[in-house]
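Read the structure below first, then the notes.
The values are calculated or read from the model by the stated rules, or taken from the named source; none is laboratory data. These figures come from a predicted structure and were not determined experimentally. In this analysis, Cβ positions are derived from the backbone assuming ideal geometry, glycine residues included, and neighbour counts consider all displayed protein chains. To get the accessible areas, we keep the full protein, side chains included, count just its heavy atoms, and leave off ligands, DNA and RNA. Shrake-Rupley method; radii C 1.70, N 1.55, O 1.52, S 1.80 Å.
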Amino acid sequence: MKLIALYFMAALYILAGIMHFVKPGGYLAMMPPYLPAHKALVFWSGVAETGLGIGLLFPATRSWAAIGIIVLLIAVFPANVY
C-alpha cells in the first residue's frame, strides 16, 4: 500500500510539473504581483516539480526528492495563498 501511495504521489507531481508547460496560464494567474519574472518562475517550478516527482521513483534519490518537495511547497506557498 505504501508503494502505491508513493507512485501515486510521484505521478501527481510529475503531471502537475508537466502542466506548467502545457497550460501555464493557470499557474501565471496564481502569481502574486509582487513576485518578479512570472513566466520564469512558472517554468522553473515546473522543472523542479517534474524532476522531484521523478526523483521519488528511485530509492537512491527518494529522500532528497522528498526534502526538495518540502522546500518547493514552502517556496510556492505565497502563490497558493494568493
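State yes or no: is residue 63 open to solvent by 40 Å² or more (accessible area, probe 1.4 Å) and either touching a helix residue (DSSP H, G or I) at 6+ places or on another chain (Cβ under 6 Å) or in a helix (DSSP H, G or I) (or both)? Yes. Residue count for region 12-38 under the criterion of being touching a Leu at 6+ places or on another chain (Cβ under 9 Å) and either modelled with pLDDT of 95 or more or of a type in the set (Gly, Ala, Ser) (or both): the result is 3. Residues in region 30-57 that are surrounded by 15 or more Cβ atoms within 10 Å (Cβ to Cβ) and touching a Pro at 6+ places or on another chain (Cβ under 6 Å): 42 only. For region 42-65, enumerate the residues that are without any contact (Cβ under 8 Å) to a residue 12 or more places away in the chain and among the hydrophobic types (A, V, I, L, M, F, W, C). Within region 42-65, 44, 58, 60, 64 meet the criteria.
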